[in-house]
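One structure is given here, and the rest of the page talks about it.
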Amino acid sequence: MEELIDVLDEKGIHTGKVVTRKEVHTQGLWHKVVVVAIMDKNGHLLMQQRSKEVEKNKEKWDVTAAGHISAGQTSKEAAIREVLEEVGIRVEEDELKYRFTYKNESSSKKDFIDNQFFDFYLVQKDKIPLERISIQESEVQQVKLCNYQEVTQMIKDQVVVKRDAVYQDLLKYLK
């Protein structure tokens, strides 16, 4: 069964309507997504390289995890689910530090319109053991820990998913 998504209005308020993930994109309906960045105490960001099989941003580097909020799910529940699914790390609700919500409109092709509100969370861990990471191969090709210089170079080289507001905030922590 295809994932169901709560439809929002252009101000981010729930409309009460629920549609499939496909419908939300073909109709350009507003909906919510979570973005989670996990950092260690030494200023390294856990980044993932998106799979070449995903619908959008193929093989681009991205923050630790991101994904749609399913119908009836809270933003924090979705954040916990996405991190566990994509990189196999258990995150507790109290570890999720809400940073901000931003709005984005984009269209990568005629029948795929992204009208989204992104809730951005930061998680800080003492250590991120790469050897214990379990990637979701349908979504993620590989992961790596990146420092400030590496992240800024990746942004400059345009090999990251376009999340300007997220990276501006993250770079303050990585410095």
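For Y167, Y121, Y148, what ranking results if the residue with the fewest other Cβ atoms within 10 Å of its Cβ goes first?
Y148, Y167, Y121
Restriction of the GluC sites (Glu not before Pro) in segment 134-175 to DSSP coil positions whose beta-carbon has at most 13 other beta-carbons within 10 angstrom yields E137. With helices as the sole contributors, the chain gives -6500 deg cm²/dmol at 222 nm; each DSSP H run of n ≥ 4 counts as -39500 (n - 2.57), and the sum is divided by every residue. Taking a straight Cα-Cα cut-off under 18 Å and skipping sequence neighbours fewer than 8 places away in the same chain, the aspartates and glutamates within cross-link reach of K175 are D40, D126, E150, D164. Quick one: of K22/K103; K125/K162; K17/K125, which pairs are farther than 27 Å apart, Cα to Cα? Violating the 27 Å limit, Cα to Cα: K17/K125.
Relative to the Cα centre, the charge distribution of segment 4-174, modelled as +1 at Lys and Arg Cβ and -1 at Asp and Glu Cβ, gives a dipole magnitude of about 300 debye.
In segment 65-175, a dipole from Cβ-located charges (positive for Lys and Arg, negative for Asp and Glu) runs towards its positive end, and of Q136, Y148, F118 it is Y148 whose Cα lies farthest in that direction.
A short reminder: the numbers here are calculations on the coordinates, not readings from a lab. No experiment lies behind these values; they were computed from the predicted model shown. Please note: Cβ atoms are built from the backbone with ideal geometry, for glycine as well, and neighbour counts cover all protein chains shown.
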